[in-house]
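Coordinate-derived values only; no laboratory data. Note that the structure is a prediction, hence the values are computed from the model and not measured. Cβ sites come from the backbone with ideal geometry, for glycine too, and all protein chains shown count toward neighbours.
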Amino acid sequence: MAKTVYLHIGLPKTGTTFLQTTMWENKRALRKQGFLYPGTTRMDHYHASQEVRGASPARMGRNAGVWKRLVGKLAAWDGDGLISHEFLSMATAEQAKAAVAALAPADVRLVVTVRSYVLQFPAVWQEALKMNSDLGFDEFMDRALADKLKGGWSWQSQDIPQVLGNWAQAVPADKITVVTVPPPGAPRGLLWERWKEAVGIDDSEFDLDVSYANESLGAAQAALLMRVKPHLSGPLDVGTVRHRWVRKYFGHEVLVPQRGERFGPRAHHVEELATRSAAAKDWVIAQGFGVVGDLDDLLSTAAPDGTHPSDVPDSEIVDVAARAIEQMIRDVREVTAERDKLREELRRKARHQPVGGARAAAGRLKRALGR
């Protein structure tokens, strides 16, 4: 069994995509130093988090058993290892105990990345908006702070004392490390430096150009997405399809590159979030967890003061929409050109086939074109 297994449990929107991408893309360099990041794809860790949290084999479908497979890979490893997904933050105390027991006799160490709630929630709301939520930022905040939201973008995944309180029933306090996300204005790369210290890796042979952050929308871009969401229909109502085309394509490939104005919560939400962040800081200190970074980072209220998404004027939303449509036209043109090229190549091959081969090629052409 691996000597030490680090469980990185989030929190969501604390640089997890950046950290996970950097680690995944440097798996070979990690293995050289005796550190295993197991799995066939990065999604294995997401599916493992689902199983840890009680998802049934029927719900998991072809991904059923991935948690056991990751544990099996670590059981056959004699160095250190890592399992990382932000939705592990939502595990109950009993689920956390079962996960840690499955990794025995490895020395399980917990790592949690945390950020000021004031800086956190604009990103949390955007992620919910890109997926299954149609709530405006104000209503989302009201419901979140009243603990009336469920799922990965709720207070359940963000409440530092609750999340760590559950996992601390499975992992002793001296084996829990809190890594704080630096506030705006901190040196670029500081989060990565803190992460390296927390999990004890050497990045001297890493390619650090392969990582990317899960970037945020500007206020006007978010406002446009709010207008679009109620009109989504058909296949776009399916979670996996919405993730690919609304979140990844429309959100990250079309809207994020526009580099819109950043924004923060309303003043009364800032006040409430700051109070909760201060309480979380005091709680972490009282528990005696290890800390990499500065717990005062949790107190930052340096949220951008840009226009609130609900206050963006229609004229600005129209401008964002026009630029988005122009890019989407270019994207469709490029895909159509590739399709037409493929169609012509298949037709050309069919003309030069013997009679029987021509029929087979014609069949392939019809299947390729979906006809």
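Inter-part distance, region 1-78 to region 213-275, computed on C-alpha centroids, equals 27 Å. For region 1-122, the dipole from Cβ point charges (+1 on Lys and Arg, -1 on Asp and Glu) about the Cα centre works out to 240 debye, to the nearest 20. A straight Cα-to-Cα reach below 14 Å connects residue 3 with the aspartates and glutamates 78, 80, 107, residues fewer than 8 places away in its own chain not being considered. Using C-alpha pairs below 8 Å separated by at least 6 residues, the relative contact order for the chain is 21 percent.
Using the C-alpha atoms of the chain, what convex hull volume per residue, in cubic angstrom, is computed? Intermediate values should be presented prior to the final figure.
Working: hull volume 64.9 nm³, N = 371.
Spelled out: Cα convex hull of the chain, divided by residues, is 175 Å³.
If the segment from residue 244 to residue 342 were pulled out straight at 0.36 nm per residue, it would be longer than the present Cα-Cα gap by 32.9 nm. Of the trypsin sites (Lys or Arg not before Pro) found in region 144-211, those that fall in a DSSP loop while having at most 12 other beta-carbon atoms within 10 Å are 148, 150, 188. A straight Cα-to-Cα reach below 20 Å connects residue 341 with the aspartates and glutamates 331, residues fewer than 8 places away in its own chain not being considered.
If R0 is taken as 22 Å, the Cβ-Cβ distance between residue 28 and residue 3 corresponds to a FRET efficiency of 0.65.
Shape call for region 92-251 from the C-alpha gyration tensor, a ≥ b ≥ c root eigenvalues: rounded (a/c under 1.5), prolate (a/b greater than b/c) or oblate? Mind dumping the intermediate values first?
Numbers: a/c = 1.87, a/b = 1.46, b/c = 1.28.
Prolate, because a/c is 1.5 or more and a/b exceeds b/c.
Along the axis of the charge dipole computed for the chain (Cβ charges of +1 for Lys and Arg, -1 for Asp and Glu, origin at the Cα centre), the listed residues 110, 126, 79 are led at the positive end by 79. Of all lysines in the structure, the ones whose alpha carbon falls short of 29 Å from that of residue 281, not counting any fewer than 8 places away in one chain, are 13, 97, 148, 150, 175, 196.
Working from label points 7 Å from Cα in the Cα-to-Cβ sense, the residue 282 to residue 228 distance is 4.4 nm. Dimensions of region 224-297 based on its C-alpha atoms, expressed as ranges along the principal axes with the largest first, amount to 50, 28, 22 Å.
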